[in-house]
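K.L.:
One structure coming up, written as structure tokens, with questions to follow.
The values are calculated or read from the model by the stated rules, or taken from the named source; none is laboratory data. Just so it is clear, the structure is predicted and the values come from calculations on it, not from any experiment. Cβ atoms come from the backbone with ideal geometry, glycine included; neighbour counts cover every protein chain shown. Accessible surface areas use protein heavy atoms only, side chains included; no ligands, DNA or RNA. Shrake-Rupley method; radii C 1.70, N 1.55, O 1.52, S 1.80 Å.
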Amino acid sequence: MIQLNRVNHQFAIGKKGKERIVPVLHDIDLHVKQGEIVAIVGRSGSGKSTLLNLMSGYIRPTSGEILVNGQNVTKLSEGDWANFRLSHLGFMFQSFQLIPSMTAFENAELPLVLQGVGISKRKQRVMELLEQVGIAEYAGHYPGELSGGQQQRVSVARSLMLDPPIVLADEPTGSLDSDNERQLLALIRTLNEERGTTFVLITHDDQVASTAHRILKLKDGHLLHAYAKGGSLAHEIQ
Amino acid sequence: MKFNDQFRFVRQNMKKNKTRLFMTVLATAMGCSFLIVLASVGFGLQKSIVDKAVGDRMVTSIEIYGIQSDNDEGRQIGTSNLDYLRTVDHVKAVTYRNYIQQSIMITLDGTDVNSSSTINVDFDAENKAGFKLSSGRLPAGENEVVVGYNVRQLPNSQPGDEVPPAKDWIGKSLEMKVSQFAEDGTEQSKTLSVKIVGVTEKPTREWKTDTAVYIGNGTLKQIESFTQTQWGAQRVPGVKDSESGIDKIGLDDPRHYSGVQVIADKANHVKAIAEEIRLKGYISHSIADELKQINLVFLIMKIGLGFIGTIAVLIASIGIFNTMTMAVTERAQDIGIMKAIGAHPNSIRRIFLLESSMIGLLGAAIGTIVAYIISVAVNIGLPIIIRGFMDEKVPDDFRFSLIPPYLAIIACLISLGVALLSGYRPAKRATRIDVLRALRRDM
């Protein structure tokens, strides 16, 4: 489903002409299978977010190639990446990333709007998903009027709106209390089992990681270990 | 992304900072209004001056005064000359106005008609040339005539007196009493009965009146067969025909026409026709010659005024640029979120271009309405001010400002174009917003 072949990434920081090159990821080889929940763990600065950003197309690898759903996306143009994201990927963010001037309904329907779906179909689909995540009664509320848990539900509804085969989540429970965290993880498991949605989660949290079928550990830009569910060592990469 | 949704986004965004939007639209409206009003002065003055120069004449007509003869003296236009003029390329018609050379006593239902003159015209040619009537039609039969617009005006009437409309006479009969003196001095007369079928157009100048009766060639023939002279010329009692010249205008003598006009099919053919007939020795004059010079001067004037007006719109564009740049900066996070979930850069660009073009259109619409109001106010107010302070009277139909629809359309297009240009850079910047930076590197 997602395949990374010898992916390297480095940042250039500092003034132009006097940049300093900071390598972030080194020769990452990774294969996420369809219907899998994969958690990527590691300390702050280990390159977890950079890895997810590469899979999302927000940044491009310095070298190596990335294949998603069999398509080489390494050199897609910005416009093609936008279309690809819309049709293949769903996103969950730590701080939800809802547009403050739009209601929960409008935020959730955004992927449908971008895809050009008609109003009546949109309304039906949005209400269906808001109900599924238990937030339908707050459809007309603005993000500022919702709790963190409610906002994350809107964000989840938005990420699932176009029924993407892959959902990329960066610390999805990072801003949630334990109740909301439990509910979100249960939802992720249900979606994975019922729809076969593939999840790539980035987390610090053991409980979140325990939801995954596979746990990958990043250290200083190197993918170190792959653990099977339950924490037993499945495969040592280095 | 559908247009309706883009439009909804733009509307939502525009509502966020109403004061800023109002000020930007105001600046654009002022620029557009300034452009239209300034150019309208050029249009208004041109119309007033051209109208004054043209008067009742048609821009497609060429007046023929005569023809140069071999001994370099002007000769009058004869029948063969008319035949030649009709054959010139792009000539639609050749018209003439020949006055009947006697005062015909005309009555209607026994009452005298105050007709100043009786004029013979060629109605077939007039029909092609576009003889303008205020009501009725041109004569089709032999004894049908057209009367002047002011034919019912009484001889001693004052300006402003109520005159019954001449069109009420359409369908009525006129009795025309033609007379001729015999060589022994006795007067003989014959009464012709003709039917009024049309009334000429109202003269364009207030001081002009048209009380003539226009007769066709059929009626003329009847008059001439009675008088036995061309154009119904009367013999002078006691004066020999050879002395008065009557003997030279018998029915078999060569005819001379007056008031000859050549009508071109299009205004831009006037010059070529005038050139061709001038080479043949015809002495002519066309209003098109005068208008060309006048129009050229006004064209330069209008371009100059329009250029100054466009500068005002360009100044307004700085406001649009500023507003759009601020809008992009303020909405960087929203744009980042949209890009993060799959918004195409083109959709984002279109949203911002749509917003700047809506500011431009809104400003142009308000500016155009204001410009029309100013134009009307100037046309009403300025003559009053001139009369009040300078003791000068401005002619009634003088226009200081005139906004033809195409001027308003051009000004709106300029405003829209300038708005799109000013919105282009901010819109491009919006598409380049870095997703990670916009999301505060959250993901």
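K.L.:
Could you grab me the full set of residues in region B:121-167 that are in a loop (DSSP other than H, G, I, E, B) and surrounded by 20 or more Cβ atoms within 10 Å (Cβ to Cβ)?
P.N.:
B:Val121, B:Asp122, B:Pro139, B:Gly148, B:Tyr149, B:Asn150, B:Val151, B:Arg152
K.L.:
Can you name the residue in region B:389-443 that is part of a helix (DSSP H, G or I) and basic (Lys, Arg) and, of all such residues, is surrounded by the most Cβ atoms within 10 Å (Cβ to Cβ)?
P.N.:
Once the filter is applied, the top-ranked residue is B:Arg429.
K.L.:
Search region A:74-102 for residues being part of a loop (DSSP other than H, G, I, E, B) and among the small types (Gly, Ala, Ser), and hand back the single one that is farthest from A:Gln150 (Cα to Cα). Before you say what the answer is, go through the steps one by one.
P.N.:
At the first step, the residues of region A:74-102 found to be part of a loop (DSSP other than H, G, I, E, B) are A:74-77, A:93-102.
Adding the requirement that they be among the small types (Gly, Ala, Ser) leaves A:77, A:95, A:101.
Numbers: A:Ser77: 35, A:Ser95: 12, A:Ser101: 16 Å.
Of everything passing the filter in region A:74-102, A:Ser77 is farthest from A:Gln150 (Cα to Cα).
K.L.:
On to the next question. Looking only at residues in region B:284-303 that are assigned to a helix (DSSP H, G or I) and open to solvent by less than 30 Å² (accessible area, probe 1.4 Å), which one is nearest to B:Arg425 (Cα to Cα)?
P.N.:
B:Phe298
K.L.:
Here's something else I'd like to know. Filter region B:320-333 for residues that are within 14 Å of another protein chain (Cβ to nearest Cβ), surrounded by 20 or more Cβ atoms within 10 Å (Cβ to Cβ) and part of a helix (DSSP H, G or I) and give the result.
P.N.:
Initial filter on region B:320-333 (within 14 Å of another protein chain (Cβ to nearest Cβ)): B:327, B:330-333.
Then keep just the ones that are surrounded by 20 or more Cβ atoms within 10 Å (Cβ to Cβ); that gives B:327, B:331.
Hit for region B:320-333 is B:Ala327, nothing else.
Rundown of residues vs (1) open to solvent by less than 50 Å² (accessible area, probe 1.4 Å); (2) of a type in the set (Val, Ile, Thr); (3) part of a helix (DSSP H, G or I), yes/no style:
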| position | (1), (2), (3) |
| --- | --- |
| B:Thr191 | no, yes, no |
| B:Lys195 | no, no, no |
| B:Asp210 | yes, no, no |
| B:Lys221 | no, no, yes |
| B:Gln234 | no, no, no |
| B:Ser242 | no, no, yes |
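K.L.:
I need the full set of residues from region A:68-81 which are open to solvent by 20 Å² or more (accessible area, probe 1.4 Å) and within 14 Å of chain B (Cβ to nearest Cβ), in order please.
P.N.:
Across region A:68-81, the qualifying residues are A:Leu76, A:Ser77, A:Glu78, A:Asp80.
K.L.:
How many residues does region B:342-394 hold that are on the phi > 0 side of the Ramachandran plot and modelled with pLDDT of 90 or more?
P.N.:
Number of matching residues: 1.
K.L.:
Same structure again: Would you please list the contacts, defined by Cβ atoms under 7 Å and residues six or more apart or on different chains, that run from a residue in region B:343-364 that is open to solvent by 10 Å² or more (accessible area, probe 1.4 Å) to a residue that is basic (Lys, Arg)?
P.N.:
B:Arg349/B:Lys428
K.L.:
With B:Thr24, B:Thr107, B:Thr95 as the choices, which residue is of a type in the set (Ser, Thr, Tyr) and either open to solvent by 60 Å² or more (accessible area, probe 1.4 Å) or within 36 Å of the chain's Cα centre (by Cα) (or both)?
P.N.:
Of B:Thr24, B:Thr107, B:Thr95, the one residue that is of a type in the set (Ser, Thr, Tyr) and either open to solvent by 60 Å² or more (accessible area, probe 1.4 Å) or within 36 Å of the chain's Cα centre (by Cα) (or both) is B:Thr95.
K.L.:
Oh, and also: Is it the case, given these coordinates, that A:Ile40 is touching a Leu at 6+ places or on another chain (Cβ under 8 Å), within 28 Å of A:Asn192 (Cα to Cα) and outside any loop (DSSP other than H, G, I, E, B)? Can you show your working first?
P.N.:
Values: touching a Leu at 6+ places or on another chain (Cβ under 8 Å): yes; within 28 Å of A:Asn192 (Cα to Cα): yes; outside any loop (DSSP other than H, G, I, E, B): yes.
Criteria met by A:Ile40.
K.L.:
Okay, moving on. Would you tally the residues in region A:6-51 being within 14 Å of chain B (Cβ to nearest Cβ) and surrounded by 12 or more Cβ atoms within 10 Å (Cβ to Cβ)?
P.N.:
10
K.L.:
Just give me the residues in region A:82-94 being without any contact (Cβ under 8 Å) to a residue 60 or more places away in the chain and crowded, with 21+ Cβ neighbours inside 10 Å, in sequence order.
P.N.:
The first filter runs over region A:82-94 and keeps only residues without any contact (Cβ under 8 Å) to a residue 60 or more places away in the chain, leaving A:82-85.
Within region A:82-94, A:Ala82, A:Arg85 qualify.
K.L.:
Sticking with this one: Before we move on, is B:Met338 assigned by TED's automatic domain parsing to the domain that holds B:Asn17, assigned to a helix (DSSP H, G or I) and buried (at least 20 other Cβ atoms within 10 Å of the Cβ)?
P.N.:
When the stated conditions are applied, B:Met338 passes them.
K.L.:
Considering only residues that are at negative phi and open to solvent by 40 Å² or more (accessible area, probe 1.4 Å), look in region A:126-140 and name the one that is nearest to the other protein chains (Cβ to nearest Cβ).
P.N.:
Among them, the one singled out is A:Gly140.
K.L.:
In region B:390-443, which residues are touching a Ser or Thr at 6+ places or on another chain (Cβ under 7 Å) and within 14 Å of chain A (Cβ to nearest Cβ)?
P.N.:
Scanning region B:390-443 gives B:Asp442, B:Met443.
K.L.:
Among all residue pairs at least 6 apart or on different chains, which show Cβ distances below 6 Å where the first residue, located in region A:184-207, is under 21 Å from A:Ala226 (Cβ atoms) and in contact (Cβ under 8 Å) with a residue 24 or more places away in the chain and the second is outside any loop (DSSP other than H, G, I, E, B) and of a type outside the set (A, V, I, L, M)?
P.N.:
Between residues of region A:184-207 that are under 21 Å from A:Ala226 (Cβ atoms) and in contact (Cβ under 8 Å) with a residue 24 or more places away in the chain and residues that are outside any loop (DSSP other than H, G, I, E, B) and of a type outside the set (A, V, I, L, M), the close pairs are A:Leu185/A:Thr211; A:Ile188/A:Phe199; A:Ile202/A:Lys48; A:Ile202/A:Asp170.
K.L.:
Further question on the same structure: Checking B:Asn268 against (1) modelled with pLDDT under 90; (2) assigned by TED's automatic domain parsing to the domain that holds B:Val147, only one condition comes out false. Which one?
P.N.:
Unmet for B:Asn268, out of (1) modelled with pLDDT under 90; (2) assigned by TED's automatic domain parsing to the domain that holds B:Val147: (2).
K.L.:
Output yes when any residue across region A:103-125 is surrounded by fewer than 19 Cβ atoms within 10 Å (Cβ to Cβ), assigned to a helix (DSSP H, G or I) and away from chain B (no Cβ under 14 Å), and no when none is.
P.N.:
Within region A:103-125, one or more residues are surrounded by fewer than 19 Cβ atoms within 10 Å (Cβ to Cβ), assigned to a helix (DSSP H, G or I) and away from chain B (no Cβ under 14 Å).
K.L.:
Considering each residue of region B:336-387, count those that are within 14 Å of chain A (Cβ to nearest Cβ) and hydrophobic (A, V, I, L, M, F, W, C), and give that number.
P.N.:
Looking only at that region, the number is 7.
K.L.:
Next question. So which of A:Phe105, A:Phe93, A:Phe84 is under 15 Å from A:Pro164 (Cα atoms) and either among the hydrophobic types (A, V, I, L, M, F, W, C) or modelled with pLDDT of 90 or more (or both)?
P.N.:
Among A:Phe105, A:Phe93, A:Phe84, only A:Phe84 is under 15 Å from A:Pro164 (Cα atoms) and either among the hydrophobic types (A, V, I, L, M, F, W, C) or modelled with pLDDT of 90 or more (or both).
K.L.:
Also, quick follow-up: Residue check: is A:Glu65 open to solvent by 30 Å² or more (accessible area, probe 1.4 Å), touching a Ser or Thr at 6+ places or on another chain (Cβ under 6 Å) and either within 12 Å of chain B (Cβ to nearest Cβ) or in contact (Cβ under 8 Å) with a residue 40 or more places away in the chain (or both)?
P.N.:
Yes: the conditions hold for A:Glu65.
K.L.:
Now a separate question. Which one is surrounded by the fewest Cβ atoms within 10 Å (Cβ to Cβ), of the residues in region A:172-187 that are out of contact with any strand residue (DSSP E or B) (no Cβ under 6 Å at 6 or more places or on another chain) and within 23 Å of A:Gly57 (Cα to Cα)?
P.N.:
A:Gly174
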